[in-house]
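Trainee: Just passing along the structure, written as structure tokens.
The values are calculated or read from the model by the stated rules, or taken from the named source; none is laboratory data. All values derive from a computational prediction rather than experimental measurement. Every residue, glycine as well, gets a Cβ built from its backbone with ideal geometry; the counts of neighbours run over all protein chains shown.
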Amino acid sequence: MNSRYCYISFLLVLLVLSINATESLHTYYRNGISLNGNWNVIVDPYENGYYNYRYEPFDQLNDPWSVGYYGDKKSEAPGDLIEYNFDASATLYVPGDWNTQDPKYYYYEGTIWYRKKFDAPQIENEQRVFLYFGAVNYKADVYLNAQKLGFHIGGFTPFYFEITNLLKKTENSLVVKVDNKRAKEAVPTLNTDWWNYGGITRDVKLIVVPKSFIRDYSIRFESINTKKITGKIYPDGNSGEKKITICIPELGIREKVNSANVSEFSFHAKEIVLWSPEHPKLYRIEITYGEDTLIDSIGFRTVSVKGKQILLNQKPVFLRGISIHEEYAVEGGGRVNEFWKTEQLLNWAKELGCNFIRLAHYPHNEDMIRQAEKMGFMLWSEIPVYWTIDWCNEETFQNAKNQLTENILRDRNRANIIIWSLANETPVNESRTKFLIRLAKHARSLDNTRLLSAAMEKHYKNDSLAVIEDPLAVIADVVAFNEYIGWYDGLPDKCEKVNWEIPYNKPVFISEFGAAAKYGYHGDSGLRWTEEFQENLYKKTMKMIDTIEGLCGISPWILIDFRSPRRPLPGIQDDFNRKGLLSEKGEKKKAYFVLQEYYKRKQSFSIK
Ligand code: GCB
């Protein structure tokens, strides 16, 4: 690429990533016009539709002869040289990963162009239209009617563009270049233990709003004693209306605040019923500004720490957790793309006796968060700062920060999220710690009402003394770590010998432990991959962890077997990480029942 284009793209990256957003586009209960369904696709491993033969991006050339695929052209005259044709190309379903839709895309990592044609929605009274993507993995370049709207980096968070003035009445051409190539400087980086599903993996919709509308809001329950609720509303456009009304009908609340760029509110709700796993009470909230009413459902609760305890609504709670990937591989599926799949995963967790879920290792879809909230699951929400990120690279930092921002802004009103997690199993060194401390400061600046943590690692002082020693533990609210004693670290008997030193007066959480077993493979408990081995490891681990002072919860690895290219062992793994308590088809392994039993015992710890 010549240096001019290099420079321009660098500036663009900085521009997009350095926006210090404090608000998002709130869409969940808005009547969107879905653009889901079949999209025409062109597979483009050489990015022929993006670069010319000098490797210059077409969309920065302003070249009338440009044949970038985003132009969505077709030969019209006999002499036209156009070497692509969306109309005649195959289709892929959106939302969905490409890997599991056709065997030829199973291992594909690269670029696929998606194209959807649609007619503009009926617009009245100067309404505005936004184009919303729930998530695209990993980089999306978005074009409407051959004009670039922008791009987005990061595979698990939403983004949007206003397209009011760019729409044609009919036959709009929406083209998205989706690129899921892994890269050293990316977040996540080259190396992970999950499938790099590519594609437009979450909903695409048009959101039609009045000229002036409520873009977003934040709300927080300040304290059980005062029952004070505060928040901010982010209106967009000037409706001429001087007041914004906030209504929570069930609580008899109807408050008016002056409309300003950011309108702050504060009131007391005397009769409030708090959200908890045992009683996941949600209220309908309506915020009205001129012609616009934004509707949402919200729960109220407090979460804090006191010494080595986690307090929910001021009472100690034990987190009976499980880790989950956003994957549903039953009958060959991949990324979760339908509501019933989300529900099925959560039902298995409920049956297990969980009140907490670690959403690994990236932000999950919004249905997952909201359904978990309705079902009474507290959540750990994480960004894909995983293993060995490029710690010294400022662009990598800005990328991680942006993903964290988008995650927090999307979900900051959800009562069930109690922990934001910054990272998973990262090596303790200076550049990593600096990186994560910067991220922690940013998380707290966006939301200081939740706990901060990260899945750290244990080390040994001697053969039998495991310690947690990590400068990150000093700034975290919860000292969380992954421990694989009995699988990567000796055999299950080792659990009987290990003692623990965790020198922080903070709650302790075990974010992972586990062993792999192939469902239906039986044998001696000493034989790896058998259900008996996994069962034995769970039994020994439960005994060991009960001796850890300040243990306030666990999220064993993992609910259900999941795809990973790191797991090729034929006949056993066949591309699946087998540490699930259920097989990828939903069959329960023996260890499932050990954990279920343990959680029955821990029930008495729960809040009354
Ligand atoms: C870990 C990682 C998780 C892996 C798991 C394993 O520590 O956090 O992403 O899948 O171990 O199975 O090795």
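Trainee: Of a type in the set (A, V, I, L, M, F, W, C), within 27 Å of residue 109 (Cβ to Cβ) and under 21 Å from the mean Cα position of the chain (by Cα) - does that describe any residue in region 203-218?
Mentor: Yes; the residues of region 203-218 include at least one that is of a type in the set (A, V, I, L, M, F, W, C), within 27 Å of residue 109 (Cβ to Cβ) and under 21 Å from the mean Cα position of the chain (by Cα).
Trainee: Do we have any residue at all in region 326-336 that's over 17 Å from residue 587 (Cα atoms), surrounded by fewer than 22 Cβ atoms within 10 Å (Cβ to Cβ) and of a type outside the set (A, V, I, L, M)?
Mentor: The answer is no, given that none of the residues of region 326-336 is over 17 Å from residue 587 (Cα atoms), surrounded by fewer than 22 Cβ atoms within 10 Å (Cβ to Cβ) and of a type outside the set (A, V, I, L, M).
Trainee: Being farther than 20 Å from residue 512 by Cα, touching a Pro at 6+ places or on another chain (Cβ under 8 Å) and touching a residue at least 60 places away in the same chain (Cβ under 8 Å): is that true of residue 399 here? Can you show your working first?
Mentor: Values: farther than 20 Å from residue 512 by Cα: yes; touching a Pro at 6+ places or on another chain (Cβ under 8 Å): no; touching a residue at least 60 places away in the same chain (Cβ under 8 Å): yes.
Against the criterion (farther than 20 Å from residue 512 by Cα, touching a Pro at 6+ places or on another chain (Cβ under 8 Å) and touching a residue at least 60 places away in the same chain (Cβ under 8 Å)), residue 399 does not qualify.
Trainee: Here is a further query. Mind counting the residues in region 551-572 that are surrounded by 18 or more Cβ atoms within 10 Å (Cβ to Cβ) and assigned to a loop (DSSP other than H, G, I, E, B)? If you could, list the steps in order and put the result at the bottom.
Mentor: The first filter runs over region 551-572 and keeps only residues surrounded by 18 or more Cβ atoms within 10 Å (Cβ to Cβ), leaving 551-564, 567.
After this cut, where a residue has to be assigned to a loop (DSSP other than H, G, I, E, B) as well, the list is 555-559, 561, 564, 567.
Result for region 551-572: 8.
Trainee: Another one. Quick check: anything in region 290-299 in a strand (DSSP E or B), crowded, with 18+ Cβ neighbours inside 10 Å and in contact with a Leu (Cβ under 7 Å, 6 or more places away or on another chain)?
Mentor: yes
Trainee: Within region 446-459, can one find any residue that is within 16 Å of the ligand (Cβ to nearest atom), in contact with a helix residue (DSSP H, G or I) (Cβ under 8 Å, 6 or more places away or on another chain) and in the same structural domain as residue 323 (by TED's automatic domain parsing)?
Mentor: So in region 446-459, the residues within 16 Å of the ligand (Cβ to nearest atom) come out as 453-459.
Narrowing the set further to residues that are in contact with a helix residue (DSSP H, G or I) (Cβ under 8 Å, 6 or more places away or on another chain) leaves 454, 456.
Subsequent filtering for residues that are in the same structural domain as residue 323 (by TED's automatic domain parsing) retains 454, 456.
The answer is yes; a qualifying residue exists.
Trainee: Further, regarding this structure: Being part of a strand (DSSP E or B), acidic (Asp, Glu) and outside the structural domain of residue 564 (by TED's automatic domain parsing) is the requirement here; does residue 80 meet it?
Mentor: no
Trainee: Now for a different question. Quick check on my filter: what residues within region 347-379 are over 10 Å from the mean Cα position of the chain (by Cα) and within 16 Å of the ligand (Cβ to nearest atom)?
Mentor: 357, 358
Trainee: Same structure, new question: What pairs can you find where one residue is in region 549-561 and more than 9 Å from residue 319 (Cα to Cα), the other is among the polar types (S, T, N, Q) and within 16 Å of the ligand (Cβ to nearest atom), and their Cβ atoms are less than 7 Å apart, with a gap of 6+ or different chains?
Mentor: 556/323; 557/323; 558/323; 559/323; 561/577; 561/583
Trainee: Do you know which residues across region 502-531 are over 20 Å from residue 563 (Cα atoms), of a type outside the set (Phe, Trp, Tyr) and assigned to a loop (DSSP other than H, G, I, E, B)?
Mentor: 502, 503, 505, 506, 507, 522, 523, 524, 525, 526, 527
Trainee: Something else: Just to verify a result, which residue in region 419-441, among those that are under 29 Å from residue 22 (Cβ atoms) and surrounded by fewer than 18 Cβ atoms within 10 Å (Cβ to Cβ), is farthest from the ligand (Cβ to nearest atom)?
Mentor: First, pick out the residues of region 419-441 that are under 29 Å from residue 22 (Cβ atoms): 419-424, 426, 431-441.
Right, trim to surrounded by fewer than 18 Cβ atoms within 10 Å (Cβ to Cβ) and you get 431, 434, 437-438, 441.
Values: 431: 20, 434: 22, 437: 21, 438: 22, 441: 24 Å.
Across region 419-441, the extreme among qualifying residues is 441.
Trainee: How many residues are part of a strand (DSSP E or B), over 10 Å from residue 458 (Cβ atoms) and either within 16 Å of the ligand (Cβ to nearest atom) or not assigned by TED's automatic domain parsing to the domain that holds residue 452 (or both) if we restrict to region 482-501?
Mentor: Residues that pass the stated criteria total 0.
Trainee: Failed condition for residue 148, given (1) more than 16 Å from the ligand (Cβ to nearest atom); (2) touching a strand residue (DSSP E or B) at 6+ places or on another chain (Cβ under 9 Å); (3) under 21 Å from residue 27 (Cα atoms), with all others met?
Mentor: (3)
Trainee: May I ask you to list the residues in region 502-546 that are more than 30 Å from residue 475 (Cβ to Cβ), within 16 Å of the ligand (Cβ to nearest atom) and among the aliphatic types (A, V, I, L, M)?
Mentor: Listed by number, the residues that qualify are 515, 516, 517, 537.
Trainee: Which of the residues that make up region 186-204 are within 15 Å of the ligand (Cβ to nearest atom), within 20 Å of residue 561 (Cα to Cα) and not hydroxyl-bearing (Ser, Thr, Tyr)?
Mentor: 191, 193, 194, 195, 196
Trainee: Given the condition in a strand (DSSP E or B) and free of Cβ contacts under 8 Å to residues at least 40 places away in the same chain, answer yes or no: does some residue in region 311-334 qualify?
Mentor: Yes, there is a match, as at least one residue in region 311-334 is in a strand (DSSP E or B) and free of Cβ contacts under 8 Å to residues at least 40 places away in the same chain.
For every residue, the table says whether it meets (1) at negative phi; (2) within 18 Å of the chain's Cα centre (by Cα).
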position	(1), (2)
125	no, no
134	yes, yes
158	yes, yes
171	no, no
176	yes, no
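Trainee: Hey, can you tell me all the residues within region 553-574 that are more than 14 Å from the ligand (Cβ to nearest atom) and touching a Phe, Trp or Tyr at 6+ places or on another chain (Cβ under 6 Å)?
Mentor: Of everything in region 553-574, just one residue is more than 14 Å from the ligand (Cβ to nearest atom) and touching a Phe, Trp or Tyr at 6+ places or on another chain (Cβ under 6 Å), namely 553.
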